[in-house]
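A short write-up of the structure that comes next.
Each value in this text was obtained by applying a stated rule to the coordinates, not by laboratory testing. Remember, predicted model here, so these are calculated numbers, not experimental data. Note that we place each Cβ from the backbone using ideal geometry, even for glycine, and neighbour counts take in every protein chain shown.
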Amino acid sequence: MSDKLLKIEDLVVHYITDDGVVEAVNGVNIGVDRGKTLGLVGETGAGKTTTALSIMRLIPHPPGKIVSGSIELEGTDLLSLKESRLEKIRGDVVSMIFQDPMTALNPVITVGDQIAEAIMIHQKVGQSKAAQKAREMLEIVGIPGNRAGEYPHQFSGGMKQRVVIAIALSCNPKLLIADEPTTALDVTIQAQVLELMKNLKDKFQMGMVLITHDLGVVAEVCDDVAIMYAGRIVEQGTLEEVFNTVKHPYTEGLFNSIPNIDDRRDKLKPIRGLMSDPYNLPKGCSFYDRCDYAMPVCETQKPPKIHFGETHFVECHLYQEQQDFKLNGGKE
Amino acid sequence: MSNKSEVIATENLIKTKKRSQGADVWRRLKKSPTAMIGLGIIILFLFMAVFAPMIADYDDEAIKMNIKERLQPPSSTHVFGTDEFGRDIFARIVWGTRISLFVGLISVSIALSIGGFLGAIAGYYGGRLDNAIMRVLDVLLAIPTILLAITIVAALGASVLNLMIAVGVSNIPGFARVVRAAVLSVKDEEFIEAARAIGANDFIIITRHVLPNSMAPIIVFATLKVASSIMGISSLSFIGLGVQPPTPEWGGMLASGRAYIRDYMYIVMFPGLAIVFAVLSLNLIGDGLRDALDPKLK
C-alpha cells in the first residue's frame, strides 16, 4: 500500500454556527493511488466539497473545524502542518479546480499573469520565464499562447475552465482535486474538458479526486468510486464493482435518477424526500427515511461496514444477515 | 531567438491590454458632460498651480504691500482688483491654488495610506482585529472632522505641515471604512479562494487580488475627499488655524477680506469663487468616476 498518494482516515468536519453544529463530514475514509482517479459522488450537501477543502486545509475557520481524523499526503500528515508549510504545498503538490470558472479567475489580472503567479510562488523563476511557462500551459490546455495577455472576461466559459486547469497544473501537482469541474459548462464543452483532464492526468501522472454528482462523468473518467451521503461514504469500490453490482440503496437511487436512453417510456424514479438535516442527523442510518428497503433496525443503529472483496464495501444493514441480498432495481 | 521576440511581443500585448482597460473607463467618463466640465476646471487649476511663477511674481505681486493701490476694483492691470494692502488678488489666488491643491492631495494621501491599510487588514482578517481597529476609528469618527482637525492643529501649532497632518488624520476613519467595505465585498469571491488554493499568502492575496478589485469605490471616495479637504483647509485658514498670512491662501483671503465686504465685495468674491469651483469640479469628477467605474453600467 505504499502507492497511496492520499489517505484520509475517519475525517470528521463540523461547522459550528450560532444555530447549532452542522455535521458536514462524519468519518470519511478514502484513498487515492498515484495516477488513479477517485470519483466522489453524492448530492448537494453530502459533504463532498467540505472533504475536498479539508485536503487543501481551506475550510473556512470559523465556523468550520476539522474535529478528528487524519489526512496523509505521501505520508505527511497535513492536519499537523503550519500555515506557511501548507502554502508551499497548495498549488505545488495539491491543486484544486473550482466549480465555477466564471468566478474562479480574478477579473482584473490577465490570464497569463494568473498562471504565472502560481509558477512564481512555487518555483524560483523570474517574471519572463514564468510568463513563458504560462503560455506553454495555455497551449497545453488548448488555448493559443498569444491570448495570455487577455482578461478573463474575454474568454468563454469553457475556455475559462481551461485556464483554471492550466493554473492548477502549472506546477505539476501530484494530486489534483476537481470540484465539479464541468457543472457550470454545457454538455459539448463538458466532454472536451473531461477529455482534456483525462489526458493531462495521464501525461502528468497525477492522482485525482473528481467531485461530481454526475454518474456519467464518473463512468467516463474514474478508476474508483466513492458514494457519499450525509457526510459518510456509503459505498465504495472500483468503477466496475460499483457500477455493475450496485449494493447500497442510495447508489441504486442515483442510478434510477438517470434518464434511460434505451427505453423512452421508462419513467424516472427520483429518490423521494430530501437529505436529512445536517444539524440533526438521525441516530441510525441517515438514509433511513428515504430508503425503500428500510428495516426497523435502520432507525436505531448505525449501519456496519460490510466488505465484498478487497476494494468494494458498503455501509448498510441489508447485508448483515444475508451477504447475497439483491436489490430489486427500484421496481415495485 | 524567436522565443525571445515572442516574449517581447506578448509583453507588449499585455501592456496594450492593460491600457485598454483604463481607456474603457475614460471612454465612459467622456460620455458624462458634467465630469468633463469638472475635469476642464481642475486642469485649469492644476495649470495655474504648476505655472504660478510664470503667471504672477510671488514676492512682488502676491506678498508685497502696495498701499497706493489698495482696494482697487478689477481693471486691466489688476484683473480681480487689489486687496486692503494693495496686493493683486488674481496673483494671490493663483499662488493659493498651489497651497490648496498640494495640501489637499497630500492630506488625502496620508488618509488613504493609513486609513486604507487599517481598513484592508480589518476587512480581510475580520474578527477581533477588525473590531479593535474599527472601534478605535469609530471614536475618531464620532468627533466632527473639522473639530478634530482644529484640535490637532491647536495642539501641534499652525503650519502647512501640521495642516496636512490634521486634515489627513481626521479623514483616516472615513477611508478605513470605505476600504474595509470594499475589501469585505471582494474577499469572499471564489477567485480569492482559488488564489489561496495555489498557495498565495495573505500579502499576495491582499495586494494582488483583493485591493485591485476594490479600487472603484476607493478612487471615487478619494476624489471626493480631495474636494472636502480643500474645504477643510480653507475653513481652518479662515479661522486663523491654517496657513498663516501673508502666505496667500483662499480661506485666509476670505477671512481678511470680510471686513471690507460691504464696499469691496470682489475681495472675498474671487477667492470664494475659487473655492467653489475647485470643490465643485472635484465633486463632478467624483460623480462621473462613480458612474464610469460601475461595472453594472458597462
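The relative contact order of the range A:65-202 comes to 32 percent, based on Cα pairs under 8 Å that sit 6 or more residues apart. Separation of the alpha carbons by more than 31 angstrom is noted, of A:K82/A:K247; A:K129/A:K174; A:K65/A:K269; A:K48/A:K305; A:K88/B:K187; A:K7/A:K88, for A:K82/A:K247; A:K65/A:K269. Size of chain B: Rg and Dmax of its alpha carbons, in Å, are 23.1, 79. Remark: B:W95, B:W26 ranked as B:W26, B:W95, counting other beta-carbon atoms within 10 Å and listing the fewest first.
Stretch B:I114-B:A216 to full length: gain in nm at 0.36 nm per residue minus the Cα-Cα span?
Values: separation 102, 0.36 × 102 = 36.72 nm, distance 1.83 nm.
Fully extending the segment from B:I114 to B:A216 adds 34.9 nm.
Note on B:R70 and B:A155: with the Förster distance fixed at 30 Å, the Cβ-Cβ geometry gives a FRET efficiency of about 0.25. If R0 is taken as 41 Å, the Cβ-Cβ distance between A:K267 and A:S156 corresponds to a FRET efficiency of 0.70. Of all aspartates and glutamates in the structure, those lying under 16 Å Cα to Cα from B:K30, and not within fewer than 8 positions of it along the same chain, are B:D287, B:D291, B:D294.
Give the order of A:Y15, B:Y58 when sorted by the count of other beta carbons within 10 angstrom, beginning with the fewest.
Details: A:Y15 20, B:Y58 17.
Result, fewest neighbours first: B:Y58, A:Y15.
Can you give the net charge of the other residues whose Cβ lies under 11 Å from the Cβ of A:G75, counting K and R as +1 and D and E as -1? In short, -1. Calculated FRET efficiency, A:L79 and A:Q301, Cβ-Cβ r, R0 25 Å, to nearest 0.05? Efficiency at R0 = 25 Å is approximately 0.25. Taking label points 7 Å from Cα along the Cα-to-Cβ direction, B:V139 and B:Q244 give a separation of 3.2 nm.
Taking each residue as 0.36 nm, the span from A:K88 to A:D292 lengthens on full extension beyond its C-alpha to C-alpha distance by 68.7 nm. Here the scattering of the protein assembly as shown is modelled by Debye summation over its C-alpha atoms, one equal scatterer each and no solvent; at q = 0.05, 0.06 Å⁻¹ the log10 of I(q)/I(0) is -0.36, -0.49. Compared with the alpha-carbon gap, the fully stretched path from A:N244 to A:K283 is longer by 11.0 nm at 0.36 nm per residue.
Fewest neighbouring Cβ atoms within 10 Å first, the residues A:E72, A:E321 line up as A:E321, A:E72.
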